[in-house]
Amino acid sequence: MINNFLFIWSIMWAITWGYAQDTTDNTEQRQEIVALVDAYAQAREQHDTVVLKRILTDDIDQLVSSGEWRTGKKESMEGMQQ
């Protein structure tokens, strides 16, 4: 009986302390991500190519709702402007 308890306790301990995800508060990083997404949404709505060029990376891959893949900054920007 005690062996079973120790076995279950050791598994629970390993799961609790072995959790790999960082759970510290990243408020600054979250704010930067939210600001980036907001800038992206506004640039798309206003067809602001200058902001889109600054935000997007050269190796962008974009899967749109129609199932089409857009690869590269040029193709993605053309599709966003339509």
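Bear in mind that the values in this text are calculations on the coordinates, not laboratory data. This one's a predicted model, so the numbers in the text were calculated from it and none came from an experiment. We place every Cβ from the backbone using ideal geometry, glycine too, and count neighbours over all the protein chains shown.
How about the chain: which chymotrypsin sites (Phe, Trp or Tyr not before Pro) there lie in a loop by DSSP and see at most 10 other Cβ atoms within 10 Å?
19
Which whole-number percentage describes the relative contact order of the chain, with Cα contacts under 8 Å and a sequence gap of 6 or more?
17
Using a Förster radius of 35 Å, what is the FRET efficiency between residue 51 and residue 24 based on their Cβ-Cβ separation? Nearest 0.05, please.
Computed FRET efficiency for residue 51 and residue 24: 0.65.
Using θ = phi - 60° and the Karplus curve 6.51 cos²θ - 1.76 cosθ + 1.60, what whole-Hz ³J(HN,Hα) does each residue of segment 9-17 get, with Gly and Pro shown as x?
Values per residue, Gly and Pro as x: 4, 5, 5, 4, 5, 5, 5, 5, 8 Hz.
At 7 Å along the Cα-to-beta-carbon direction for both residue 16 and residue 39, put a label point, then send me their distance in nm to one decimal.
Each label point is offset 7 Å from its Cα along the Cβ direction, giving 4.2 nm.
Would you compute the Debye intensity of the chain from its alpha-carbon atoms alone, equal scatterers and no solvent, and pass along log10 I(q)/I(0) at q = 0.12, 0.13, 0.26 Å⁻¹ to two decimals?
-0.57, -0.61, -1.19
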